[in-house]
Amino acid sequence: MLDNLGSNLKDALRKLAGKTVIDKAAVEELIKDLQRALLQADVNVKQVMQLSQTIRKRALDEQPPKGVTAREHVLRIVYEELVALVGKKVEVTLGKQVILMAGLQGSGKTTTTAKLARFFKKKGMRVAVICADTFRPGAYTQVKTLCDKVNVPCFGDPSEQDARKIVRDGLARIKEEVIIVDTQGRHALEDDLITEIIDLNEITNADHRWLVLDAALGQQAREQARRFHEAVNIDGVIITKMDGTAKGGGAMSAVAETESGIVFIGQGETVEDLEWFDPNSYISRLLGMGDLKALAERVQESIDEQDIDVNAMLSGRFTLRDMYRQLEAVNKMGPLKQVLSMLPLGGMELPAEALDVTAQKMSKYRVIMDSMTSVELDDPTVLNGSRIQRIARGAGAQLEEVRELIKYYKMMKRTFKGLKGGEKGMQRLMKKFGKMG
Amino acid sequence: MFKALKEKLFSARKKLEHSIEETTPEPARTPEEVPAESGSSPEVLAEKTQEPSLEKKTSPKFTDKVVSFVRDREFIISEKDVSGILDELEMGLLESDVAFSVTEAILSRIKSDLTGSKRKIGKSVDSVVRDALSEALLGVLGEGVDICSFIREHERPVKVLFTGVNGTGKTTSIAKVTRYLQNNGFSVVLGAGDTFRAGAIEQIDVHGGRLGVKVIQHQEGSDPTAVLFDTVEYARAHKIDVVLGDTAGRFHNRANLMNQLEKIRRIIKPDLIVYVDEAVAGNDAVIRAEEFQKSVGMDAIMLTKVDMDPKGGAAISVAYAVGKPLIFIGTGQGYDDIMAFNPRDVVNDLLGDA
Ligand SMILES: Nc1nc2c(ncn2[C@@H]2O[C@H](COP(=O)(O)OP(=O)(O)O)[C@@H](O)[C@H]2O)c(=O)[nH]1
Ligand SMILES: Nc1nc2c(ncn2[C@@H]2O[C@H](COP(=O)(O)OP(=O)(O)O)[C@@H](O)[C@H]2O)c(=O)[nH]1
Ligand SMILES: [Mg+2]
Ligand SMILES: [Mg+2]
């Protein structure tokens with residue numbers, strides 16, 4: 001979302017490093033960078049101005065606690081204010097519930113409905129969907145096709161004009177625990193449609209009313225959110241299409257407007273592309289504090305335990321065997337880039353080569369490692385010219401490729417060693433935050 | 001459209017006029033008063049606005065001032081005179097969703113047009129200001145395209161391809177353009193080129209049925225190029241004037257999807273590529289338009305969902321980013337919710353009295 005914010009802020013914060021008094025000019029510079037990043041990300045202009053004001057005031061007025069450097073003091077303030085901007089954490093419960101989807105035309109409600117259906121189903125819930133979009137041609141076919149993909153029943157009637165009736169009938173028929181109601185798109189100025197969603201909210205007595213917003217939504221976000229909130233009391237925002245280049249700042253403004261939080265992030269067109277959102281770890285990641293928790297969760301969710309040993313990755317005791325497992329795991333965890341972005345790399349730059357390994361290359365590496373002996377896998381230092389030749393022959397690979405693999409391994413080892421320090425640094429920082437807060 | 005922007009422009013204009021009036025009586029200044037180069041404008045604008053001819057104008061030399069005052073009875077507007085007002089205009093543009101980079105570019109253009117420019121005493125302040133704003137806006141919006149003359153000037157069938165990111169309103173726009181062309185006496189066939197999104201084929205098929213035009217379609221998941229190829233063949237065989245080709249929404253950062261679009265373009269050879277984006281999009285509108293322009297190109301822009309956001313800043317952003325004209329705007333979900341876009345009318349309207 002605010003990825004470019006990360007590097008901008010890191011630069012600005014660096015200027016505060018080692019200082020004991022807060023440098024006014026440095027704070028101004030930081031605020032300017034912050035403003036630029038937020039405006040470019042589509043955060044509401046008025047909100048940006050407000051936020052700058054608050055940060056300026058707090059940074060200059062508040063006395064940093066003893067032993068806290070100027071940099072840490074300002075970092076904490078920026079962190080807190082950004083967390084406030086991104087909103088609170090929205091708890092997703094795994095009980096009986098009705099979820100009403102709301103949003104502008106084309107924002108991604110239907111696709112997200114299917115993604116949510118899959119999410120709850122994977123958590124072991126019984127899920128059903130109601131198609132209450134009676135307007136858009138093909139709407140029922142769209143949601144039905146997607147529901148079939150995830151094996152979730154879909155209730156609807158393409159020939160019925162009245163969304164209220166469909167929802168009433170659906171609720172009477174459906175016995176599933178989680179019911180997701182997909183609705184047609186509407187916007188703030190369409191009074192009839194706003195009335196319709198008010199009615200749907202009453203009929204369903206929905207537990208959640210989630211506002212689905214396109215990551216590219218601009219300054220309108222706030223006003224649109226205000227109207228939806230006034231109508232049905234929005235309790236969570238889902239930002240879609242985060243796989244593009246949009247930053248989602250508009251959606252953040254909507255969060256602030258509805259005083260809710262971001263529940264999920266949509267990252268693609270297929271039903272798997274949904275991510276649960278944790279504001280704290282998002283901001284930590286943004287400010288370069290890393291997010292071990294998210295990594296651990298993700299690792300746990302998608303890989304069997306014997307597949308990968310995060311501790312080994314982080315212990316610095318990293319062998320070719322670990323890398324082999326890691327390459328296997330990366331397949332399941334998603335792109336390496338994404339995985340690494342969750343690690344506490346601090347200010348450390350990741351070598352570009354670490355991220356640019358294609359799936360093809362990875363499988364080649366695995367083939368090469370398959371023709372290594374246990375000794376070699378456990379202690380890569382034994383690799384010499386003749387061993388490399390043997391491995392290459394065994395794997396049907398070029399000598400070059402084997403050398404490249406070794407180079408890659410060394411770089412990964414260095415990277416993970418770096419992480420260890422990063423982890424400590426983060427813990428220290430977090431402790432300090434805890435003490436101050 | 002552009003109502004809020006219009007108000008901002010109006011107030012900026014009035015204030016500019018006022019501040020310029022105020023500065024006129026004493027045109028001969030001392031050297032110390034020569035305005036310094038602007039140090040405050042952010043760097044982003046540098047790349048786009050450095051036209052050498054404009055550069056020169058930004059810092060009027062003292063001698064120029066004297067000469068022009070003495071000889072031509074002209075005066076020179078300095079940056080200092082206008083900067084506060086331009087800051088306000090900047091907020092207005094940003095709030096209207098004109099992208100950050102575009103806002104900076106427009107402002108620096110207005111600034112360089114206004115400041116340092118010599119004005120004949122006879123010319124009214126109002127017209128100096130109005131011309132500067134109008135130039136800046138027209139420079140961004142460009143000349144329009146009239147689709148009917150375009151069709152008349154081209155060999156039939158005229159092939160129009162609609163592109164853009166997900167959910168911006170391509171398919172709905174195709175339906176609206178169909179109605180628009182029918183109203184202007186042209187025959188139309190539609191190609192169901194979105195073979196990817198669930199329900200997409202049915203969506204365009206229903207529209208075609210309601211509008212009474214043929215929709216050429218293959219199965220979900222099939223090759224979109226093949227569908228559109230068949231559509232063109234159908235148009236040839238049946239002497240249909242215009243082919244409107246739908247495509248699946250795609251993000252500019254997905255190389256394989258962009259390659260697929262490139263393949264469509266190569267094989268179908270559209271006469272007109274209409275890039276569709278929505279009025280509610282913020283800064284990303286610029287990024288994706290530039291990327292689409294770089295990879296498959298575009299000839300015109302259609303901006304949809306203007307009914308949601310009558311501020312219309314995205315129109316300015318996108319048009320500026322790619323230097324292509326707006327062809328239509330979409331103002332609702334009905335078939336008649338479409339308007340041909342005429343930049344001169346829009347700018348005149350924008351600079352009219354709020
Ligand atoms: N790339 C991408 N496309 C998405 C995402 N969510 C939805 N879409 C696409 O956006 C378009 C509109 O989505 P849809 O669910 O029909 O929106 P609705 O009108 O709000 O129901 C479709 O082309 C979807 O495939 C996402 O997270 N990433
Ligand atoms: N309010 C409004 N909605 C629009 C407009 N154009 C399209 N839509 C709606 O936006 C949604 C997505 O449109 P669609 O044509 O399917 O987008 P595509 O994915 O780009 O083909 C649909 O619900 C349309 O009815 C418009 O100008 N105004
Ligand atoms: Mg839908
Ligand atoms: Mg479509």
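The values are calculated or read from the model by the stated rules, or taken from the named source; none is laboratory data. Please read these numbers as outputs of a predicted model, since none were measured by experiment. Ideal geometry is used to build each Cβ from the backbone, glycine not excepted, and the neighbour counts take in all protein chains shown. Areas reflect the complete protein model, heavy atoms only, side chains present, ligands, DNA and RNA absent. Shrake-Rupley method; radii C 1.70, N 1.55, O 1.52, S 1.80 Å.
Structure notes:
- Residue list for segment A:242-282, filter: crowded, with 21+ Cβ neighbours inside 10 Å and on the phi > 0 side of the Ramachandran plot: A:G248
- Residues (more than 16 Å from ligand 1 (Cβ to nearest atom) and under 22 Å from B:V276 (Cα atoms)) located in segment B:155-167: B:P157, B:V158, B:K159, B:V160, B:L161
- Residues satisfying the stated conditions in segment B:323-337, i.e. β-branched (V, I, T) and buried (at least 21 other Cβ atoms within 10 Å of the Cβ): B:I327, B:I329
- A:G261 passes every criterion in (1) away from every other protein chain (no Cβ under 12 Å); (2) of a type in the set (G, A, S); (3) over 15 Å from the mean Cα position of the chain (by Cα) apart from (3).
- When the criteria are applied in full, A:T110 fails the requirement of being part of a helix (DSSP H, G or I), surrounded by fewer than 24 Cβ atoms within 10 Å (Cβ to Cβ) and either of a type in the set (G, A, S) or within 13 Å of ligand 3 (Cβ to nearest atom) (or both).
- The residues listed here are A:K109, A:K149, A:K122, A:K115; of these, the one that is facing chain B (nearest Cβ under 9 Å) and either touching a residue at least 40 places away in the same chain (Cβ under 8 Å) or on the phi < 0 side of the Ramachandran plot (or both) is A:K149.
- Unmet criterion (only one of (1) within 14 Å of ligand 2 (Cβ to nearest atom); (2) open to solvent by 10 Å² or more (accessible area, probe 1.4 Å)) for A:M101: (2)
- Per-region count, segment B:239-259, residues within 16 Å of ligand 2 (Cβ to nearest atom) and more than 23 Å from the chain's Cα centre (by Cα): 2
- Residue under evaluation B:H238, criteria (1) under 13 Å from B:A192 (Cα atoms); (2) open to solvent by 60 Å² or more (accessible area, probe 1.4 Å), criterion not met: (1)
- Segment A:367-394, residues that are among the small types (G, A, S) and closer than 13 Å to A:Y324 by Cβ: A:S371, A:S374
- Considering residues of segment B:311-334 that are among the hydroxyl-bearing types (S, T, Y) and within 12 Å of chain A (Cβ to nearest Cβ) only, the residue nearest to ligand 4 (Cβ to nearest atom): B:T331
- Test set (1) away from chain A (no Cβ under 14 Å); (2) open to solvent by 10 Å² or more (accessible area, probe 1.4 Å); (3) outside any helix (DSSP H, G or I); (4) within 15 Å of ligand 2 (Cβ to nearest atom) - B:V160 fails condition number: (2)
- Residue match in segment A:219-234 (condition: buried (at least 24 other Cβ atoms within 10 Å of the Cβ), in a loop (DSSP other than H, G, I, E, B) and within 14 Å of chain B (Cβ to nearest Cβ)): yes
- The set of residues in segment B:278-310 that are within 9 Å of chain A (Cβ to nearest Cβ), in contact with a Gly (Cβ under 9 Å, 6 or more places away or on another chain) and either within 23 Å of B:R344 (Cα to Cα) or surrounded by fewer than 23 Cβ atoms within 10 Å (Cβ to Cβ) (or both) comprises B:E278, B:A279, B:V280, B:A285, B:I287, B:T304, B:K305, B:D307, B:D309.
- Residue, farthest from ligand 2 (Cβ to nearest atom), within segment A:186-232, restricted to residues that are of a type in the set (D, E) and under 28 Å from the mean Cα position of the chain (by Cα): A:D207
- Scan of segment B:262-291 for residues that are of a type in the set (G, A, S) and in a loop (DSSP other than H, G, I, E, B), ordered by number: B:A279, B:G282
- Every test in (1) more than 13 Å from ligand 3 (Cβ to nearest atom); (2) without any contact (Cβ under 8 Å) to a residue 60 or more places away in the chain is passed by A:G87 save one, and that test is (2).
- Unmet criterion (only one of (1) more than 27 Å from B:V280 (Cβ to Cβ); (2) within 14 Å of another protein chain (Cβ to nearest Cβ); (3) not in a helix (DSSP H, G or I)) for A:K32: (3)
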